[in-house]
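Novice: Here it is, the structure, as structure tokens.
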Amino acid sequence: MFPKTKTIAFGLLLGFSTSALTALPVLAADSQPREAVISVAGEGQASVAPDMAVLNLSVVKQAKTAREALDDNNKSMNEVLAALKKAGIAERDLQTSGFSVQPQYSYPQNNDGQPQQPQLIGYQVSNSLSVRVRDLSKLGAIIDQSVTLGVNQGGDIQFTNDKPEGAMEDARKSAVANAIKKAKTLAEAAEVKLGRVIEISETSPRPQPVPVYRAAMMKEAADAAVPIQGGETSYNVTVNVTFAIAQ
């Protein structure tokens with residue numbers, strides 16, 4: 001019995017010693033001092049004149065039956081589509097963005113003000129169209145003609161650029177320059193020297209409309225009944241940059 005007990009104790013001691021030796025390098029690595037850094041966020045912006053507009057147009061019709069409302073809506077929307085194509089809008093720039101058929105009710109009340117059962121009075125059909133207009137000089141005329149042919153809801157306009165890559169590059173350069181300037185200011189205030197760039201990342205850029213209007217940029221079409229101003233589209237970029245502090 002005695003020799004067997006001694007063997008077990010030795011095995012336990014050996015296992016403990018091996019684990020302790022294995023953990024030593026990990027503890028040594030964690031105890032090493034981290035590199036001193038300066039982290040900043042840089043912001044950049046570039047504004048350009050838009051070269052494209054996205055229109056949201058809707059035809060809404062009501063009738064006593066769903067069939068009548070749909071037929072009336074189809075007639076107006078087909079006329080709008082034909083006019084848009086005649087104005088030079090390509091098939092790829094026309095897209096149905098919504099369609100619905102909704103029952104319409106009235107909510108009568110008794111003489112004492114108590115509500116009665118809702119009464120079905122008809123149906124409403126709505127057909128929405130997203131239109132990309134690449135020739136901005138035609139924008140006002142297109143809106144005017146669309147309303148004449150049956151568009152009676154919508155009209156939201158979003159100005160954008162078909163190829164914003166150039167503006168985005170300028171915004172990125174501006175954002176990095178802004179980050180460097182901030183880091184230098186912090187380093188000078190802390191009386192240290194700015195070192196190499198350790199890490200740089202960019203947040204997702206997004207265009208922002210800027211309420212700046214220039215007559216030379218967006219000339220109103222001579223025959224347009226709807227005056228339109230395109231302003232500028234501003235592209236914003238934020239970069240996060242980490243610099244080492246030179247030793």
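Novice: Would you confirm whether any residue within the range 231-243 is at pLDDT 50 or above, touching a Phe, Trp or Tyr at 6+ places or on another chain (Cβ under 8 Å) and either on the phi > 0 side of the Ramachandran plot or not basic (Lys, Arg) (or both)?
Specialist: Going residue by residue through the range 231-243, those that are at pLDDT 50 or above are 231-243.
Adding the requirement that they be touching a Phe, Trp or Tyr at 6+ places or on another chain (Cβ under 8 Å) leaves 231, 233.
Now narrow it down to the ones that are either on the phi > 0 side of the Ramachandran plot or not basic (Lys, Arg) (or both): 231, 233.
Yes, there is a match, as at least one residue in the range 231-243 is at pLDDT 50 or above, touching a Phe, Trp or Tyr at 6+ places or on another chain (Cβ under 8 Å) and either on the phi > 0 side of the Ramachandran plot or not basic (Lys, Arg) (or both).
Novice: Considering each residue of the range 34-67, count those that are without any contact (Cβ under 8 Å) to a residue 40 or more places away in the chain and within 22 Å of TYR105 (Cβ to Cβ), and give that number. If you could, list the steps in order and put the result at the bottom.
Specialist: From the range 34-67, those without any contact (Cβ under 8 Å) to a residue 40 or more places away in the chain are 34, 67; that's our starting set.
Among the residues that remain, those that are also within 22 Å of TYR105 (Cβ to Cβ) are: 67.
The qualifying residues number 1.
Novice: Right, something else. Might you let me know whether the range 56-76 holds any residue that is assigned to a loop (DSSP other than H, G, I, E, B) and either of a type outside the set (Ser, Thr, Tyr) or within 32 Å of the chain's Cα centre (by Cα) (or both)? Let's see the steps before the verdict.
Specialist: As a first pass, look at the range 56-76 and keep what is assigned to a loop (DSSP other than H, G, I, E, B): 64-65.
Pick out the ones that are also either of a type outside the set (Ser, Thr, Tyr) or within 32 Å of the chain's Cα centre (by Cα) (or both) and you get 64.
Checked against the condition, which is being assigned to a loop (DSSP other than H, G, I, E, B) and either of a type outside the set (Ser, Thr, Tyr) or within 32 Å of the chain's Cα centre (by Cα) (or both), the range 56-76 yields at least one hit.
Novice: Kindly provide the set of residues from the range 101-141 that are without any contact (Cβ under 8 Å) to a residue 40 or more places away in the chain and either within 19 Å of GLN153 (Cβ to Cβ) or assigned to a helix (DSSP H, G or I) (or both), ordered by number.
Specialist: Scanning the range 101-141 gives VAL101, GLN102, PRO103.
The values are calculated or read from the model by the stated rules, or taken from the named source; none is laboratory data. Note that the structure is predicted; figures quoted are calculated from it, not measured. Note that we place each Cβ from the backbone using ideal geometry, even for glycine, and neighbour counts take in every protein chain shown.
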